[in-house]
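A short write-up of the structure that comes next.
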Number of protein chains: 2
Amino acid sequence: MSLPLSDRGLLLGDGLFETLLAVDGVPVDWTEHMARLVLGCAALGLPAPAEADVRGAAQAALSTAGLDTGRAALRITWTAGSGGRGLDRPEPCAPVLFATAAPSPAPAGPLRLITAATQRNAGSIASRHKTLSYLDNVLARREAILAGADEAVMLNTDGQVACAAAANLFWVAGGRLETPSVDCGVLAGITRAKVLAWAKAAGAPAAEVAVGPDALAKAEAVFITNSLTGARSAQSLDGRPLAEWPLLAKLSAALG
Amino acid sequence: MSLPLSDRGLLLGDGLFETLLAVDGVPVDWTEHMARLVLGCAALGLPAPAEADVRGAAQAALSTAGLDTGRAALRITWTAGSGGRGLDRPEPCAPVLFATAAPSPAPAGPLRLITAATQRNAGSIASRHKTLSYLDNVLARREAILAGADEAVMLNTDGQVACAAAANLFWVAGGRLETPSVDCGVLAGITRAKVLAWAKAAGAPAAEVAVGPDALAKAEAVFITNSLTGARSAQSLDGRPLAEWPLLAKLSAALG
């Protein structure tokens, strides 16, 4: 399969995606990812795909990639389709669905974070969704790699801590677990929600905060979360060594 | 021609584009557009295309579309190509070039502007370039259409007036011509530069300013510029009627 050159996802970044873990051919947290995709469609003004179609594309992608067993990264892409003059979508808009799958080995090596200069756009609803306009995240990650680190911490344009380039962000300060609130231009991560639920059930709820980088600079431990790698402890932030949160192993076990 | 589903332009909005006017098969301001594309590549860390390749693709696109005569909108797209794990580009990065052409009729009807809620990201260099991550512009235009207007005025995340969704912005206040400075997260428009040069030569240089929407609310006249439509006068802004700048016809004649 390939896409025509007129596709608005390609030309303008007009569309959405989801990245899920699949284990032995079974997508993890399917319902949550589909719900988020539907919310993203509403935010962008796109019709939503039929869940059965997405499921079919996902299973076909896993089979085609020979990933009906083992751990796979499954990506669902929903572009705004072809047509329309310049920025304007055609009426009706006819989105295009596709799915791809790739092996998803557990991440190896240290996780060194740096704070990127590239910021999240607090002035666009797009910053709360997984859109095909992901260049700011690519640029932030690139800053990290060029600085000899592995992943970027992104602030938003109001100067608040937002997230990592491809993950949500948590830290522990004075023993308290904190994470940026979704209002900070943050994707409502599925694993982020699971961490929040776990912490609440454990009687030590995490605080969803809107804070500047000073809060991070005082953190004892930092970890990032996403659907592919769960919770992953950072070894350093901007060159400052970090400890591993004593509860991280317990959290990781709970995340499965 | 079509693109593989692994293309980073499609998956992540990782790439650049240029839109040019072509008249009777000859692209207008070719040198300026190529120079801007090269600058964009440097900003994004992408290798730049060979100019001869771009020229060949452009001419082929015009011929294929039967637009070797008349006015055509020519679009050059330069994606970051396929490969790489998640956000990280492969090493070496192998970008993909393509060009498309479509008829470009002169715009008809009034130009009613509204100020959009969707803002330009002042915290990303991407906002100064024509990138494949153009969703914020799509969303701003959509706000305008849904409000019964034709085009959106975008502020940046610092609250400064930036540009229209698909054009640069000029206004006349107290008889003085003004436009947002490039530092306001604005594309360095080719036609914008021609207007600035024309005004300077006419002995009434335009001011490049960093101002809030109050400045626009006091303007007597507003016009937008881009490579396809030249300078186009706005009939209203947020419902407030605007006059046409007395010098606009003279400017349009100079732009050709």
Residue in the stretch A:124-133 that is in a helix (DSSP H, G or I) and touching an Asp or Glu at 6+ places or on another chain (Cβ under 7 Å) present: yes
Among residues of the stretch A:20-42, those that are within 27 Å of A:L87 (Cβ to Cβ) and touching a Ser or Thr at 6+ places or on another chain (Cβ under 9 Å), counted: 1
Enumeration of residues in the stretch A:69-100 that are among the aliphatic types (A, V, I, L, M), more than 11 Å from chain B (Cβ to nearest Cβ) and under 17 Å from the mean Cα position of the chain (by Cα): A:A72, A:L74, A:I76
Whichever residue in the stretch B:187-215 is charged (D, E, K, R) and either in contact with a His (Cβ under 9 Å, 6 or more places away or on another chain) or under 24 Å from B:H129 (Cβ atoms) (or both) and, among such residues, is surrounded by the most Cβ atoms within 10 Å (Cβ to Cβ): B:R192
Every residue from the stretch A:1-57 that is over 19 Å from B:S133 (Cβ atoms), within 11 Å of chain B (Cβ to nearest Cβ) and part of a loop (DSSP other than H, G, I, E, B): A:M1
Residues being surrounded by fewer than 24 Cβ atoms within 10 Å (Cβ to Cβ), out of contact with any Gly (no Cβ under 7 Å at 6 or more places or on another chain) and either among the aromatic types (F, W, Y) or facing chain B (nearest Cβ under 8 Å) (or both) - total across the stretch A:125-145: 2
Members of the stretch B:103-118 found to be crowded, with 24+ Cβ neighbours inside 10 Å and not in a strand (DSSP E or B), listed by number: B:A116
Some residue of the stretch B:135-142 being closer than 16 Å to B:L237 by Cβ and in a helix (DSSP H, G or I): yes
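This table checks each residue for (1) more than 20 Å from B:R112 (Cβ to Cβ); (2) in the same structural domain as B:L44 (by TED's automatic domain parsing); (3) not hydrophobic (A, V, I, L, M, F, W, C).
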position: B:D136; (1), (2), (3): yes, no, yes
position: B:R142; (1), (2), (3): no, no, yes
position: B:L146; (1), (2), (3): no, no, no
position: B:A152; (1), (2), (3): no, no, no
position: B:A165; (1), (2), (3): no, no, no
position: B:W171; (1), (2), (3): no, no, no
position: B:G174; (1), (2), (3): yes, no, yes
position: B:E178; (1), (2), (3): yes, no, yes
Selection count where residues are closer than 25 Å to A:P105 by Cα, assigned to a loop (DSSP other than H, G, I, E, B) and either touching a Lys or Arg at 6+ places or on another chain (Cβ under 8 Å) or at pLDDT 95 or above (or both), scope the stretch A:229-243: 4
Those residues of the stretch A:120-139 which are more than 14 Å from the chain's Cα centre (by Cα) and under 21 Å from A:G40 (Cβ atoms), in sequence order: A:N121, A:A122, A:G123, A:S124, A:I125
Residue list for the stretch B:100-121, restricted to those being at pLDDT below 95 and either closer than 15 Å to B:L155 by Cβ or of a type in the set (S, T, N, Q) (or both): B:S104
Lone qualifier among B:L155, B:L177, B:L187 - being out of contact with any Leu (no Cβ under 9 Å at 6 or more places or on another chain) and either among the basic types (K, R) or part of a strand (DSSP E or B) (or both): B:L155
Residue list for the stretch A:45-90, restricted to those being crowded, with 18+ Cβ neighbours inside 10 Å, among the hydrophobic types (A, V, I, L, M, F, W, C) and farther than 16 Å from A:V26 by Cβ: A:L46, A:W78, A:A80, A:L87
All positions within the stretch B:190-215 that are aliphatic (A, V, I, L, M) and part of a helix (DSSP H, G or I): B:I190, B:A193, B:V195, B:L196, B:A197, B:A199, B:A201, B:A215
Restricting the stretch B:151-182 to residues that are out of contact with any Gly (no Cβ under 9 Å at 6 or more places or on another chain) and of a type in the set (D, E, K, R), the residue that is nearest to the other protein chains (Cβ to nearest Cβ): B:E151
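The values are calculated or read from the model by the stated rules, or taken from the named source; none is laboratory data. No experiment lies behind these values; they were computed from the predicted model shown. Cβ sites come from the backbone with ideal geometry, for glycine too, and all protein chains shown count toward neighbours.
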